[in-house]
Amino acid sequence: MYVFTGGLKHISGNYTEPVHYTPTRHEMLHKSSEGSLTNRGRSFTSSQIIPLLDTSGLDHSTHVRSGGNRQWKQSTGDLCAVDRMDGKVKEQKRHQAKHSGPKAQKKLKKHGGSTEEDECKRNPKAFAVQSAVRMAKTFHRAQDIKTKKHHIPLVDRTPLEPPPVVIVVVGPPKVGKSTLIRCLIKNFTRQKMGDICGPVTIVSGKKRRLTFMECNNDINTMIDLAKVADLVLMLIDASFGFEMETFEFLNICQVHGFPRIMGVLTHLDSFKNNKTLRKTKKNLKHRFWTEVYQGAKLFYLSGMVYGEYQTQEVKNLGRFISVMKFRPLVWQTSHPYVLVDRMEDLTDPERVRTDPKCDRTVSLYGYLRGTHLKNKGQVHVPGVGDFQVLDVNFLPDPCPLPDAQKKRALNEKERLLYAPMAGVGGVVYDKDAVYIDLPANHVNQQQEEVRPTTELVQSLIDTHATLDAKMAASKVSLFSGSVTLDPTDIEQQSGEKEGPREKQVWDPNTQRERRAVVFTEEKEEEDDVTGSSDEEDNSEDMKRQRVEEEMLVFADSEDDLEMSEEESEEKGQSGRAGDSGHCSEEDEEETEDEEEEDDDQESDDESVEEEGAALMEQTASESEEEGEKGTLKWKEGLQQKASEAFLRHQEAAPNLRKLVYGSVVEADDSEEDKEELGGLFRVSRPQKSKKFKANAVDCSRFIPDTSHNWDLEEMLNSIRDCFVTGKWEESQDAATLLKEDEELYGDFEDLETGEVHKGQTGLQDQAENSEKDDDDDDEVEESLVKVDDEEVQKNKRLDKKRRLKERFDAEYDDGEATYFDDLKEEMQKQAELNRAEFEDVDDETRVQYEGFRPGMYVRLEISSIPCEFVINFDPHYPVILGGLGSSEGNIGYLQMRLKKHRWYERILKTRDPLILSLGWRRFQTIPLYHIEDHNGRHRLLKYTPQHMHCGASIWGPITPQGTGFLAVQSVAGTKANFRIAATGVVLDLDKSVTVVKKLKLIGYPYKIFKNTCFIKGMFNTVLEVAKFEGASVRTVSGVRGQIKKALSTPPGAYRATFEDRLLMSDIVFLRSWYPVAVPQLYNPVTSLLLPVGQKDNWAGMRTMGQLKHDLGIHNKPNADSLYKPIVRGQRHFNPLHIPKELQKALPFKSKPKQQQSKGKTPRDLQRPSVIREPHERKVAALLHALSTVHNYKRKKAHMVQHAKHKEFLQQKGKEEEAKLKRQKEARKKLYRVMGQMDQKKLRSSLKGAPQED
């Protein structure tokens, strides 16, 4: 036992006054390995520890802290407090040590303890199966859980560069949707956004882009976005609870394919009480799980800091979004669709000026999703209508994924944000133009933080001269020391025809400046002359060819700008003429790196330049000499010139596809062969292009080559391997293959029987050896060597057979592979096959074969769009282009299964107009509800049944079977109650179902002959009766009959027979079924054509009830349908008459008796009435009063007696109960004593002692 009193100062080897140091609770002293006590860097030797003799019963391994009112004891892993006043020890609750689980396993491994496997090996009985039944149950349960997780595997059709994931942020108003989107954008891109307009696309990672879209409180927007959403962020105001919009959107999603849904709770900072907050969270979570699925993710945004959600919470949410996987939805994967993020009006301005209401031609831009889109197809724009696509093009990706590099995070340049409708995006590419968009405040003043994505744009805006002016002013020298060339010289050398030019002319008639076109005259005569051209032209052609190969062409804005690396470097060294003068820091760094890399090649470049300059000078001097010598000089070397021209013609790259297939759009070189300059221009490298390589191996063209001398042995050796006998690759070498064949079909040994089979070569060897046994010793040695070779060959063959067997086993012995694994493998192979088919084909060619693939940024041009779409365009409402299948553009009859939603208050009435969301479309139609009877008849229903499905027939767009739909009665405004009226699915696409309704025809009898009647009033003509001959009829009283024959008069009357005689008061009716025609109404919901601010007020056809309410029409009730008091007169029935024959057969009890009817009593037999005297009346009254009092007293006494008896019975019951209880206790005591005696006897009998009585 040690008590620490403090450290001692050590001055020159002597100990002086003690320094008192009191360690805290967490600074307990621990014994170090050297025998000294250590405390967080301070060590104390044993000389500074004073032994304590009396420890008051404490443990000897205890360290006691002196000083203060308490002493802290630290024993084996537990802490306790020792009160110094009374010496009582208060034990604190110790931590429970982990015996199992990952932490315990980790500790075991750390301390070198045994793991579960070691325990199993050491004591196998402890880990043996205790119960086979329990083990089987556990196994079955595990297999069930595993199988439930399985989905039907689908072919993975996601492209290599998938389109951005569509994230729809949904919630009621004022719940924080825009704030959450802004926070997520800031989390991913480090940029702030103002108003969220339209889709906002960002790069969130190396392989994922996200498109955020805010969903407002309009039912049309909710329906449209539910069809394209990949992920739904459902915002819920925790301070208020669930609102109806949340449940409406969930039900919409359930119908149109359920995307991934994540709940986000906001306004949690309004809870002051922590207990209430926890309870609210739990309730909301479980209700959310009920609607979505058990365990659905629910995020909590606890509060706001400076108008934004907390950074860590937003980061966690963003991390979940970044790694989430998505299940392909059937409708989305079978239809192409585009969520439009930009719209341009291409209509001729002059036409719009003359006719403002004319149909417009617009181009819509966005990422293609779903499946491949074919050109010239049909699309549907929800809220506008069906349209034919005029043209489709794919554009450079405005928000591309970063290059595949091994790095963990994106740099600032790759954190792209693209939202053209919100005014964010910088450079916007179009088919024929480039748009630059920056806010006005960024143009004239310097940006505080210059972003890499906007630097180039800023530099382009800050330029004062146009590109053409800079091009015209710039000069370039092809070689060092050569003359600089102007653009005018190049135009003269290129020899291209000049196009029309523009001239501004003032028109006095229209009082405006007009653009006149001026054409330059073409010199055709000089082109026609071929023979009279002198050699100067040939030299010019040669120069022109060289210039075209290596020269930078300056042209107008429509031409491509091509530039090679060397010239771009020269241009960069010479001040970069023609550039805007602004460059980003990263571009400067890149150019510095390139200069450093190319320093080693400067000497080679200089030598090449010197040779080029000398060549130019030589050609120039030659041309001058030729001019001096005269015109006949051109005839010299004609053969050489002709062969050069022929070679040039042969080397020109032809379009083989055009030769074979006719006119085909020529595919450009893939992006890999092109280098970008500034993001706007590409460097053309014709020698490296795929088109040049493909056409270079054209076997139909022979390129004569005179530079090879085939007499030399080296030249022959260079092509020796091209022939069959030459040396190919190792796997394809002729000698090797022959040798392998010999091995394969030569000697072999049967591994099962051990029998050796010799080939022909082996048999020949044996025969030769038997003949030459008498040869000399050299031959014997050779045969021994031969045997050794045979052993080696035999081992090789065995190895080969073993490898083949292993390959066979691997291919056909699946082991534990299940059907599910086979299915997954099959789908995986199909996916790889799909990817590999067009992997190496460039985009232009690929688009012609398979259409525009998902992930491309496309531009769709659509004509004949109503002008209201452009005039009333609101970016807050989504514009979706949904591709239609081959037959989905037609309209016809649809058979559906429908069920009224259980939360919708009113039942639906047949022939009331209903708005359906089916496929991409939202339209109004008139459904007929019907139900199928047991005999297959489809009976019309007036109203939808409660809690039950019914059939519905509509006239609408043809949609594939199995497609879900939902119905709403109105899309105008927001109602207080639930808006989704019904849901269902498409069953059939034809008019095979005939809906019939019940029709009761009523007639009245006018003549009755026993069981035959003549009926009138049911039909009007004899022809109608003839159609219903043999039909069954009934009376209201239930007598059944049949129509027999029509009567001549009156018209429509007929003869019918019944089972019983009818009365004239009976009504006869006939039940018939009448086919009902489905009303042909298809009215698309054109909500996007409404003015801004009124897009959620679309109103279509009104129901009959709404019409009567709006017009103030009140129903006039049918007089026959009103309830009236029924007065029924007394009916007198005739007496029952039984025939005498029947009376004889009846039993005596039922026979009518011959009884005299009672006559009137004679007067003498009648009792006379007694009239009392007054005195008698008084006596009778008194007796009556006395008897009444007596009866009352007797009754009262009886009641008292009854109460006493009841009390007596209760008392007796209690006594009986007590008696039974006493008897039970006595029996218990008796049985206990008897049991003890029995046990005593049993023990004594076991011991063998004699039993005592």
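Could you tell me which numbered condition Glu344 fails, if it satisfies all but one of (1) in a strand (DSSP E or B); (2) out of contact with any Leu (no Cβ under 7 Å at 6 or more places or on another chain); (3) open to solvent by less than 40 Å² (accessible area, probe 1.4 Å)?
Every listed condition holds for Glu344 apart from (3).
Working only within segment 839-865, note down all residues that are out of contact with any strand residue (DSSP E or B) (no Cβ under 6 Å at 6 or more places or on another chain) and among the basic types (Lys, Arg). Spell out the reasoning first.
As a first pass, look at segment 839-865 and keep what is out of contact with any strand residue (DSSP E or B) (no Cβ under 6 Å at 6 or more places or on another chain): 839-850, 853, 855, 864.
Answer for segment 839-865, where residues must be out of contact with any strand residue (DSSP E or B) (no Cβ under 6 Å at 6 or more places or on another chain) and among the basic types (Lys, Arg): Arg846, Arg853.
For segment 899-933, how many residues are among the small types (Gly, Ala, Ser) and either surrounded by fewer than 16 Cβ atoms within 10 Å (Cβ to Cβ) or outside any strand (DSSP E or B) (or both)?
Adding up the residues that qualify gives 1.
Give all pairs with beta carbons closer than 7 Å in which a residue from segment 88-106 that is at positive phi and at pLDDT 80 or above meets a residue that is surrounded by 10 or more Cβ atoms within 10 Å (Cβ to Cβ) and among the aromatic types (Phe, Trp, Tyr); count only pairs at least 6 apart in sequence or on separate chains.
Matching pairs, first to second residue: none at all.
Could you list, in sequence order, all residues of segment 997-1011 that are touching a residue at least 60 places away in the same chain (Cβ under 8 Å) and open to solvent by 20 Å² or more (accessible area, probe 1.4 Å)?
Listed by number, the residues that qualify are Lys997, Lys998, Leu999, Lys1000, Leu1001, Ile1002, Tyr1004.
May I ask you to say which residue of Ile185, Ile145, Ile167 is under 23 Å from the mean Cα position of the chain (by Cα), β-branched (Val, Ile, Thr) and in a helix (DSSP H, G or I)?
On inspection, the qualifying residue turns out to be Ile185.
I need the full set of residues from segment 263-314 which are under 18 Å from Asp237 (Cβ atoms), open to solvent by 50 Å² or more (accessible area, probe 1.4 Å) and hydrophobic (A, V, I, L, M, F, W, C), in order please.
Correct list: Met304 only.
It is to be established whether one or more residues within segment 1055-1067 are open to solvent by 80 Å² or more (accessible area, probe 1.4 Å) and among the hydrophobic types (A, V, I, L, M, F, W, C).
yes
Name the residue that is nearest to the chain's Cα centre (by Cα), counting only residues in segment 356-384 that are on the phi > 0 side of the Ramachandran plot and open to solvent by 10 Å² or more (accessible area, probe 1.4 Å).
Selected residue: Gly370.
Of all residues in segment 207-242, which are more than 19 Å from Tyr877 (Cβ to Cβ), of a type outside the set (A, V, I, L, M) and in contact (Cβ under 8 Å) with a residue 60 or more places away in the chain?
The answer is Lys207, Arg208, Arg209, Asp230, Asp237.
Filter segment 1012-1054 down to residues that are assigned to a strand (DSSP E or B) and aliphatic (A, V, I, L, M) and give me whichever is most open to solvent (accessible area, probe 1.4 Å). Talk me through it step by step, then tell me what you get.
Here is the first cut: in segment 1012-1054, the ones assigned to a strand (DSSP E or B) are 1012-1016, 1032-1035, 1040-1046, 1054.
Add one more test, that the residue is aliphatic (A, V, I, L, M), and what stays is 1015, 1033, 1043, 1046.
Numbers: Ile1015: 0, Val1033: 4, Ile1043: 3, Ala1046: 26 Å².
The selected residue is Ala1046.
Among (1) touching a strand residue (DSSP E or B) at 6+ places or on another chain (Cβ under 7 Å); (2) charged (D, E, K, R); (3) without any contact (Cβ under 8 Å) to a residue 24 or more places away in the chain, which single condition is Lys1027 missing?
Checking Lys1027 against (1) touching a strand residue (DSSP E or B) at 6+ places or on another chain (Cβ under 7 Å); (2) charged (D, E, K, R); (3) without any contact (Cβ under 8 Å) to a residue 24 or more places away in the chain, the one that fails is (1).
What number of residues within segment 787-838 satisfy the criterion of being touching a strand residue (DSSP E or B) at 6+ places or on another chain (Cβ under 7 Å) and either within 25 Å of Lys148 (Cα to Cα) or open to solvent by 70 Å² or more (accessible area, probe 1.4 Å) (or both)?
The qualifying residues number 0.
Out of (1) part of a helix (DSSP H, G or I); (2) surrounded by fewer than 23 Cβ atoms within 10 Å (Cβ to Cβ), what's the single condition that is false for Phe258?
(1)
Please find, among Ile1008, Ile954, Ile1002, the residue that is under 19 Å from Leu1081 (Cα atoms), out of contact with any Asp or Glu (no Cβ under 7 Å at 6 or more places or on another chain) and among the β-branched types (Val, Ile, Thr).
Testing whether each residue is under 19 Å from Leu1081 (Cα atoms), out of contact with any Asp or Glu (no Cβ under 7 Å at 6 or more places or on another chain) and among the β-branched types (Val, Ile, Thr) leaves just Ile954.
Which numbered condition in (1) assigned to a helix (DSSP H, G or I); (2) touching a residue at least 40 places away in the same chain (Cβ under 8 Å) is the only one that Met193 fails?
(1)
Determine whether Arg897 is at pLDDT below 95 and of a type in the set (Lys, Arg).
no
As an exercise: evaluate Ala817 against (1) among the aliphatic types (A, V, I, L, M); (2) touching an Asp or Glu at 6+ places or on another chain (Cβ under 9 Å); (3) at pLDDT 70 or above and give the number of the one condition it does not meet.
It is condition (3) that Ala817 fails.
Look at Lys1095 and say whether it is in contact (Cβ under 8 Å) with a residue 40 or more places away in the chain and basic (Lys, Arg).
Working: in contact (Cβ under 8 Å) with a residue 40 or more places away in the chain: yes; basic (Lys, Arg): yes.
So Lys1095 passes the test.
Go over the candidates Ile862, Ile880, Ile871 one by one and state the one that is open to solvent by 20 Å² or more (accessible area, probe 1.4 Å) and under 27 Å from Pro199 (Cα atoms). Talk me through it step by step, then tell me what you get.
Details: Ile862 fails: open to solvent by 20 Å² or more (accessible area, probe 1.4 Å); Ile880 fails: open to solvent by 20 Å² or more (accessible area, probe 1.4 Å).
Among Ile862, Ile880, Ile871, only Ile871 is open to solvent by 20 Å² or more (accessible area, probe 1.4 Å) and under 27 Å from Pro199 (Cα atoms).
Tell me, yes or no, whether segment 975-989 has at least one residue that is in a loop (DSSP other than H, G, I, E, B) and in contact with a Gly (Cβ under 8 Å, 6 or more places away or on another chain).
yes
The values are calculated or read from the model by the stated rules, or taken from the named source; none is laboratory data. Keep in mind it's a predicted model, so treat the numbers as computed, not measured. For neighbour counting, all protein chains shown are included, and Cβ atoms are generated from backbone atoms with ideal geometry for every residue, glycine included. Just so you know, the surface numbers come from the protein's heavy atoms only, side chains and all, with ligands and any DNA or RNA stripped out. Shrake-Rupley method; radii C 1.70, N 1.55, O 1.52, S 1.80 Å.
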